[in-house]
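Asks: The structure is given below, and queries will be raised subsequently.
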Amino acid sequence: MVQSSITMTQTSYFDFESNKVSQKLSFGAFVTFAPLTNRMIYITRKETFSAAHKLSRQDWSEEKNREMFGKCANPNWHGHNYDLTVTVKGEMNPDTGFVANLSDIGKILKSKVIDKVDHRNLNMDVDFMQGKLPSTEVLATEIWNQLEKDINALGCKLHSIKIQETDKNYVEYFGN
Ligand SMILES: [Zn+2]
């Protein structure tokens with residue numbers, strides 16, 4: 001074992017060659033843990049946005065829309081304050097200790113989603129929601145599609161999209 005590496009604590013050593021952490025026990029023996037890069041880590045970024053929408057089908061009567069979609073079928077629109085929580089998974093970069101830089105993930109969320117939906121009308125203003133019923137479920141799957149390529153380019157993978165529409169209701173999508 002190479003011990004010319006940095007000392008993590010008085011009794012722990014990180015070996016850059018094997019990418020493993022070894023710890024010296026009180027009685028002098030060393031125990032070596034699994035390589036840091038083989039550990040799947042989940043990191044999460046949360047953003048918020050406010051948007052208007054209306055859930056209604058043109059081929060249904062106003063009564064049927066109201067019966068199915070409740071208040072969200074209101075003909076003159078309404079809004080929600082949404083929480084968007086995005087979890088990404090990957091292996092830790094041993095040089096940085098990061099799976100990915102969360103500020104980079106924040107920039108992707110801002111340009112691909114938040115800038116497009118915040119203070120907008122989800123039915124009318126948002127390119128990736130055109131022609132789609134803006135339920136929270138549909139929104140979660142479309143946001144996944146917006147983010148997947150750019151998250152992959154960071155060397156990690158999308159794990160989940162969670163959207164909280166009200167205090168009582170939230171939706172999670174895991175990409176399948
Ligand atoms: Zn609504």
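The values are calculated or read from the model by the stated rules, or taken from the named source; none is laboratory data. In this text, all values refer to a predicted model and were calculated from it rather than measured experimentally. Glycine also receives a Cβ, built like all others from the backbone with ideal geometry; neighbour counts cover every protein chain displayed.
Asks: Are any residues in segment 67-125 buried (at least 16 other Cβ atoms within 10 Å of the Cβ), of a type in the set (Lys, Arg) and within 16 Å of the ligand (Cβ to nearest atom), and if so, which ones?
Replies: Answer for segment 67-125, where residues must be buried (at least 16 other Cβ atoms within 10 Å of the Cβ), of a type in the set (Lys, Arg) and within 16 Å of the ligand (Cβ to nearest atom): just Arg120.
Asks: Testing Thr44 on (1) under 18 Å from the mean Cα position of the chain (by Cα); (2) buried (at least 17 other Cβ atoms within 10 Å of the Cβ); (3) not in a helix (DSSP H, G or I), one condition comes back false. Which one is that?
Replies: All conditions pass for Thr44, except number (2).
Asks: Could you list, in sequence order, the residues of segment 11-65 that are at pLDDT below 70 and hydroxyl-bearing (Ser, Thr, Tyr)?
Replies: Answer for segment 11-65, where residues must be at pLDDT below 70 and hydroxyl-bearing (Ser, Thr, Tyr): Thr11, Ser12, Tyr13, Ser18, Thr32, Thr37.
Asks: Here is a follow-up. Of (1) outside any loop (DSSP other than H, G, I, E, B); (2) within 28 Å of Gly175 (Cα to Cα); (3) more than 16 Å from the ligand (Cβ to nearest atom), Val31 satisfies all except one. Which?
Replies: Of (1) outside any loop (DSSP other than H, G, I, E, B); (2) within 28 Å of Gly175 (Cα to Cα); (3) more than 16 Å from the ligand (Cβ to nearest atom), only one is false for Val31: (2).
Asks: Taking into account only those residues within segment 53-66 that are of a type outside the set (S, T, N, Q) and within 15 Å of the ligand (Cβ to nearest atom), which is surrounded by the most Cβ atoms within 10 Å (Cβ to Cβ)?
Replies: Across segment 53-66, the extreme among qualifying residues is His53.
Asks: Could you check how many residues of segment 122-176 are touching a Gly at 6+ places or on another chain (Cβ under 9 Å), of a type outside the set (Gly, Ala, Ser) and more than 18 Å from Glu47 (Cβ to Cβ)?
Replies: Result for segment 122-176: 1.
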